[in-house]
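Enquirer: Below is one structure. I have some questions about it.
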Protein chains: 2
Amino acid sequence: MRIDSVDFFYLRMPVVLDIGDGSQDALLVRVRAGNHEGWGECEASPLTSIASWVAPMSHSACKPVSASVVGRELDGPEDIRRLNRLVQENSFDLLQWPHTFSGIDVALWDLLGRKREEPVWKLLDMAASHPKRPYASQLFGDRPEETYARASETRKQGFTAAKFGWGPYGRDIEESARHLEAARAGLGDDVDLMVDVGTLWKGCGQAMGFVPAVQAARVVWLEEPFPGEEYEEYRALSHRTGIPLAGGEGCDSLAQAVNFVRFADPAFLQIDAGRIGGITPATFAASYAAGQGARFVNHTFTSSLALSASLQPYANHRDSYCEYPLDPKPVARDLTASRLVPDPDGLIRAPDAPGLGLDVDLESVERYLVEVEINVGGRTLFRSDRSMLR
Amino acid sequence: MRIDSVDFFYLRMPVVLDIGDGSQDALLVRVRAGNHEGWGECEASPLTSIASWVAPMSHSACKPVSASVVGRELDGPEDIRRLNRLVQENSFDLLQWPHTFSGIDVALWDLLGRKREEPVWKLLDMAASHPKRPYASQLFGDRPEETYARASETRKQGFTAAKFGWGPYGRDIEESARHLEAARAGLGDDVDLMVDVGTLWKGCGQAMGFVPAVQAARVVWLEEPFPGEEYEEYRALSHRTGIPLAGGEGCDSLAQAVNFVRFADPAFLQIDAGRIGGITPATFAASYAAGQGARFVNHTFTSSLALSASLQPYANHRDSYCEYPLDPKPVARDLTASRLVPDPDGLIRAPDAPGLGLDVDLESVERYLVEVEINVGGRTLFRSDRSMLR
């Protein structure tokens, strides 16, 4: 069959706040081929990604993403891998493409799974979808007492692991220590704790001041102490302190993920299938990391659809963690008719149902839909409205 | 003073061909502050970069580029450097921003130079603008005879260095060798020859087959044998063969340029100020490369405005090359009222006139202008038309 159409739906909350919460908007992708349909989600800046879908060609290595997708053959997994290579070749000079294509790649796998009535992880030649331990991913409170309250609440909800990040952490050494103590106290001794610095620190020198409290809090990992490209700072900090480091969420290509593992030597590689270019490169990254002794973890802060997509690349890994968005905004929470939740044992798995195993809630999509129109040189290159949902 | 306005002008040829010629369109940027004006140019995919300028905020680390620029203070070079840091912080999840901001950064330096009546390189604390040897940058012919004809013509025009790239080169070993022989024969023994592979090869193993002809042609450098992130392939090829390698044009951050120098160990670092985020990060990259023993060269394939911008970061380097776009399309060629051309000695320099030293030709801009309108949620976020030129 051929790819008949790709449609983008820009969804957002009525008000988007200037906070570190990536679940306030979404770019949903629907792909149709033959009589089948698949859905995916792209990370961040929906308008920019829509523009890169239709942007007129600049030259042979800078074509609109649509040029590499619409009308192409889609009969099996190898076709999706071929599309990944093609769009990369055609987009050398189009920085936005990996975010745009991520949702498309995810939707293509979903479509193929629905058609074959198999979960995506089976199409990826995996023998089983092993359960993961979800960690409740959330922001630090503004004050240590709020961090404590959130930690206690997380424990009450039955989570056995929790990550706190951003907000007040990482600026003042003593205040940061109080937040870590509060998190550890609220979680109790037996719940795993991760900490996300959000790339705040300027080099290993600055990081060292925060290290004693990090060690005292017995963290499973310290996440993104530095920007992702600062390989040598990562390597220096982990080798000097023994603290397991995590990073990689910003990777927007397989090559970046490979270099991060190779040169930064992290204990955990965190990949978002909505950023790196989809399930295809994320799966290669998961295999590569495993071979190098780095543990793969999904990065997800939005919908169940994005979560299922980010779980597929390492569905076959045992004894792994899963980032679980604890409190996404309604636009993300209500995107699917059912939600991916922990099972009675508190564990979470890539679904066994066909494709990504989730249905998009069209009523919810309609509720949050933002209409977009792009005109260039007197021609309408893109228009989305409610009629596209029928 | 404060930054009053930033305007984008999408220019393009009436027909854009599917060829490796990046001069077929342009995204021109005009910044106004106080009573002053500056101009810059962004690389590639104008519509996508315009969208990232106005794209509604997704979260605190994904804001429109405009949010970091309009209304900000601009009194000296340190303000431009601060804007670079701010836009980076605000754009973690906006892949397109470095291309968008490149033109803005360039225009800010141009504006400041015009205001102070000094060339940009003086604002960068450089003592002198040293002449560079331009190499005529062009595509291989379709057949070796055409490559020979282009090489002879380049020699006749007085160039003492020439680069050939893309097209038929790098696929078939014997045909590629014939093109190299033709280029060398057409140039004669005393003209420097560079070769651009355009990231075509899959690893050092494939490259080795092409090596004997590259060595026989006595190239100054072999450019982009592999994609820019494949650091270990670069290192392996140069260490194994002694051929000086060049690369880096795709760098869209200072961190990428630093990692490329650090891990790929190239002989030449090629940076495009229209891609890396402007003159500011390009200047840091030039200093870093020099300190590491890699020679800095501009990457430019478009207008004189882009050429002047890409010359500033290493204006103070002696005995350097300069990529000189030999035959840009009219939209790029006619963008400025005067053109940056080699002096009677055949050398080229960053101008001594204020700012970038070039005036934009507004009639030409009007001739190639493409009108753009972007509507989101019933609001017009961007509209460009001819009236903006007045």
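Here, each number is a calculation from the coordinates, and none is a lab measurement. These numbers come from a predicted model, not from an experiment. A quick note on method: Cβ atoms are made from the backbone with ideal geometry, for glycine too, and the neighbour counts reach across all protein chains shown.
Enquirer: Where the only charges are on Cβ atoms (+1 Lys, Arg; -1 Asp, Glu), what is the dipole of chain B about its Cα centre, to the nearest 20 debye?
Expert: The dipole of chain B has a size of about 520 debye.
Enquirer: I would also like to ask the following. Under 5 Å between amide hydrogens, which residues at least 5 positions from residue B:136 or on another chain qualify, with H placed 1.01 Å from N in the peptide plane?
Expert: Residues meeting the amide H criterion: B:161, B:162, B:163.
Enquirer: Take residue A:387 and residue B:362, extend 7 Å from each Cα along the Cα→Cβ direction, and tell me the distance between the two endpoints in nm.
Expert: Distance between the two pseudo-spin positions: 4.1 nm.
Enquirer: Nearest 5 is fine: what % of DSSP beta bridges in the protein assembly as shown come out antiparallel, could you say? Working shown, then result.
Expert: Values: 59 of 114 bridges.
Percent antiparallel among DSSP bridges in the protein assembly as shown is about 50.
Enquirer: In region B:249-390, what % of DSSP beta bridges are antiparallel (nearest 5)?
Expert: Of the beta bridges lying entirely in region B:249-390, close to 60 percent run antiparallel.
Enquirer: Then there is this: What is the distance in Å between the Cα centroid of region B:21-49 and that of region A:348-363?
Expert: 44
Enquirer: Let me ask you something else. Residues of region A:346-369 with the amide nitrogen closer than 16 Å to a label point 7 Å from the Cα of residue A:128, along Cα-to-Cβ, please.
Expert: Only A:347-352 fall inside the zone, counting backbone N under 16 Å.
Enquirer: Now for a separate question. Cβ under 13 Å from residue B:386's Cβ, residue B:386 left aside: what net charge do those residues give with Lys, Arg +1 and Asp, Glu -1? Could you put the intermediate results ahead of the total?
Expert: Numbers: positive: B:367, B:383, B:390; negative: B:7, B:363, B:366, B:371, B:385.
So the environment of residue B:386 carries a net charge of -2.
Enquirer: Tell me, how many Å apart are the Cα centres for region A:146-183 and for region A:52-68?
Expert: Computed from Cα coordinates, the inter-centre distance equals 44 Å.
Enquirer: I've got another one for you. Picking from B:272, B:110, B:142, which is most flexible by a Gaussian network model of chain B using Cα springs under 10 Å?
Expert: Among B:272, B:110, B:142, the largest mean-square fluctuation in the Gaussian network model of chain B belongs to B:142.
Enquirer: With +1 assigned to the C-beta of every Lys and Arg and -1 to the C-beta of every Asp and Glu, and no other charges, what is the dipole magnitude of region A:63-193 about the Cα centre in debye, to the nearest 20?
Expert: On the way: 19 positive and 22 negative charges, 57 e Å.
I would put it at about 280 debye.
Enquirer: Once amide H atoms are placed 1.01 Å from N in the peptide plane, what residues at a sequence separation of 5 or more from residue A:45, or on another chain, have their amide H within under 5 Å of its amide H?
Expert: Counting only residues 5 or more places away or on other chains, the set is B:58.
Enquirer: Using only the Cα atoms of region A:83-212, build the gyration tensor, take square roots of its eigenvalues as a ≥ b ≥ c, and label the shape rounded, prolate or oblate: rounded if a/c is under 1.5, else prolate if a/b is larger than b/c, else oblate.
Expert: Oblate.
Enquirer: Using label points projected 7 Å from each Cα along Cα→Cβ, tell me how many nm separate residue B:181 and residue A:116, to one decimal.
Expert: Output for this residue pair reads 4.9 nm.
Enquirer: If you take the beta carbon distance between residue A:149 and residue A:290 as r and set R0 to 45 Å, what does 1/(1 + (r/R0)^6) give as a FRET efficiency, to the nearest 0.05?
Expert: Efficiency at R0 = 45 Å is approximately 0.75.
Enquirer: When the dipole is taken about the Cα centre of region A:1-106, and only Lys, Arg (+1) and Asp, Glu (-1) are charged at their Cβ, what size is it in debye, to the nearest 20?
Expert: Values: 9 positive and 15 negative charges, 59 e Å.
Result for region A:1-106 is approximately 280 debye, rounded to the nearest 20.
Enquirer: Considering only chain A, what is the antiparallel percent among its DSSP beta bridges, to the nearest 5?
Expert: 50
Enquirer: Quick one: net charge around residue B:82, please, counting Lys, Arg +1 and Asp, Glu -1 for every other residue with C-beta under 13 Å from its C-beta.
Expert: That sum, taken over residues with Cβ under 13 Å, equals -3.
Enquirer: Still on this structure, please answer the following. Other chains near A:364-377: what is the mean number of their Cβ atoms within 10 Å of each residue's Cβ?
Expert: For this peptide, the per-residue mean of nearby foreign Cβ atoms is 4.
Enquirer: Now a separate question. Rounded if a/c is under 1.5, else prolate if a/b beats b/c, else oblate: with a ≥ b ≥ c from the C-alpha gyration tensor eigenvalues square-rooted, which is region A:1-138?
Expert: oblate
Enquirer: Tell me which residues come under 5 Å, amide H to amide H, from residue B:245 once H is placed; ignore anything under 5 positions away on its chain.
Expert: Residues meeting the amide H criterion: B:222, B:267, B:268.
Enquirer: Compute the separation of the alpha-carbon centres of region B:308-342 and region A:198-246 and state it in Å as a whole number.
Expert: 43
Enquirer: Would you calculate the separation in nanometres between label points at residue A:343 and residue B:373, each defined as 7 Å from the Cα along the Cα-to-beta-carbon direction?
Expert: 5.5
Enquirer: Quick one: what are the phi-derived ³J(HN,Hα) couplings along region B:261-274, Karplus 6.51/-1.76/1.60 with θ = phi - 60°, whole Hz, x for glycine and proline?
Expert: Coupling constants for region B:261-274: 5, 5, 9, 8, 6, x, 7, 10, 10, 10, 10, 9, 5, x Hz.
Enquirer: Which distances, in nm and shortest first, link the residue B:291 label point to the same label point in every other copy, taking 7 Å along Cα→Cβ?
Expert: 3.5
Enquirer: Mind checking which lysines have their C-alpha under 19 Å from residue A:163, skipping anything on the same chain fewer than 8 residues away?
Expert: A:132, A:329
Enquirer: Tell me, what ³J(HN,Hα) does each residue in region B:125-135 have, in order and in whole Hz, if you take phi through Karplus 6.51 cos²θ - 1.76 cosθ + 1.60 with θ = phi - 60° and put x for Gly and Pro?
Expert: 6, 8, 7, 7, 9, 7, x, 10, 8, x, 10
Enquirer: Go through region A:343-352 residue by residue and turn each phi into a ³J(HN,Hα) via Karplus (6.51, -1.76, 1.60, θ = phi - 60°); whole Hz please, and just put x for glycine and proline.
Expert: Listing the rounded values in order: 7, x, 7, x, 9, 10, 9, 4, x, 8 Hz.
Enquirer: Find out how many positive minus negative residues lie around residue A:370, taking Lys and Arg as positive, Asp and Glu as negative, among other residues whose Cβ is under 13 Å from that of residue A:370.
Expert: Computed value for this residue: 0.
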